[in-house]
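Inspection log for the structure reproduced underneath, given as structure tokens.
Quick note: the coordinates plus some simple rules give every number you see, no bench work behind them. Just so you know, these numbers come straight off a predicted model, no measurement behind them. Cβ coordinates were reconstructed from backbone atoms using ideal geometry, including for glycine residues, and neighbour counts include every protein chain displayed.
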Amino acid sequence: MVDVRGVHKSFGALKVLRGVDLTVRAGEVTALLGPSGSGKSTLLRVINHLEKVNRGWISIDGELIGYRRSGDRLYELRERDILRQRTHIGFVFQHFHLFPHLTVLDNVVEAPVAALRRPRKEAVATAERLLARVGLADKAGAYPRQLSGGQQQRVAIARALAIEPKVLLFDEPTSALDPELVGEVLDVIKDLARSGTTMVIVTHEIGFAREVADTVVFLDGGVVVEQGPPGAVLDAPRHERTRAFLSKVL
Ligand code: ADP
Ligand code: MG
């Protein structure tokens, strides 16, 4: 489903990703762990082509992201084609990024209508169904500022689902939440996992990763140090750097 191959990404002299390989299979949940600054957010952003890569490539369902191949060279796609590709990728940010001037319902309706040209009536019906799914049917008319952080993040998840993405990317979806609100967001993500949504989740919630992830990937220094089933990576890590990291967060 998602293939990341040999991806390098630098910001000026700073090498952030140094040859990352990652395979995400359809219907699976991948938890991405790693210390601060290890390149986790950058990796999610290159999957979405919010950042260009310096080397390597990413494909989703066999389609190159951000580039087209001609001979042995890659050429960046036009903005219009990049935006079209992004409509297949849902992104949930640490700080929600809801549209503050739109109601909850309109936050969820916006992309299907504006980007996918769905009839508004149909988009509203879908949005109502998704808001019910994240437990917010009664908040459709509210504005983001009237909601708790946990509620805002659940709206952001409903919004990401509204485009029917092939893959859903989460960048520390609970890190900005008060501790008592973390559970309600993780419960929504667990429900998605059970229903077979393909997801890549950057998280520091190790217990959650153990419970929902099919694969745990440990990133450090811009490379995948170790990956495998949670039972292997979290309980019997083979690399010293993984052990050192886990001893700090567990
Ligand atoms: P993580 O999410 O694992 O904490 P990031 O991917 O956010 O790590 O960042 C990795 C490194 O890249 C950090 O040193 C960060 O400061 C740097 N970085 C990230 N984005 C940019 C950018 N747009 N410009 C310059 N440096 C960046
Ligand atoms: Mg980050």
Quiz prompt | Backbone N within segment 21-44 under 15 Å of label point (7 Å from Asn54 Cα along the Cβ vector) | solution = 39, 42-43
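Using only helices, what value at 222 nm comes out for the chain when you add -39,500 (n - 2.57) per DSSP H run of length 4 or more and divide by the total residues, to the nearest 500 deg cm²/dmol?
Rounded to the nearest 500, it is -11000 deg cm²/dmol.
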Quiz item: If you average the sequence gap of Cα pairs under 8 Å that are 6 or more apart and divide by the length of segment 98-164, what percent do you get for the contact order?
Solution: 48
Quiz item: Residues with beta-carbon under 13 Å from that of Arg210, excluding Arg210: net charge, scoring Lys, Arg +1 and Asp, Glu -1?
Solution: -3
Quiz item: How high is the FRET efficiency between His97 and His204 when r is their beta carbon distance and R₀ equals 22 Å, given to the nearest 0.05?
Solution: 0.65
Exercise. Could you work out the local net charge near Arg241, counting Lys and Arg as +1, Asp and Glu as -1, over the other residues with Cβ closer than 13 Å to its Cβ?
Key: 0
Quiz item: What is the gain in length, in nm to one decimal, between Asp81 and Ala125 on full extension, counting 0.36 nm per residue of separation less the C-alpha to C-alpha distance?
Solution: 13.1 nm
Quiz prompt | Listed residue (Val2, Gly37, Tyr143) projecting farthest to the positive dipole end of the chain, Cβ model | solution = Val2
Quiz item: About the Cα centre of segment 98-164, what is the dipole size in debye to 20, counting +1 per Lys and Arg Cβ and -1 per Asp and Glu Cβ, all else neutral?
Solution: 40
Quiz item: What share of all Cα pairs of the chain, in percent, falls into each consecutive 5 Å distance bin?
Solution: 1, 6, 13, 17, 18, 17, 13, 9, 5, 1, 0
Quiz item: Can you list the residues of segment 91-107 with backbone N under 20 Å from a point 7 Å past the Cα of Ser148, pointing along Cα to Cβ?
Solution: 93-98, 104-105
Self-check item: Net charge over other residues, Cβ less than 13 angstrom from the Cβ of Pro100 (K, R count +1; D, E count -1)
Solution: -1
Quiz prompt | Percent RCO, i.e. relative contact order, over the chain, from Cα pairs under 8 Å lying at least 6 residues apart | solution = 26
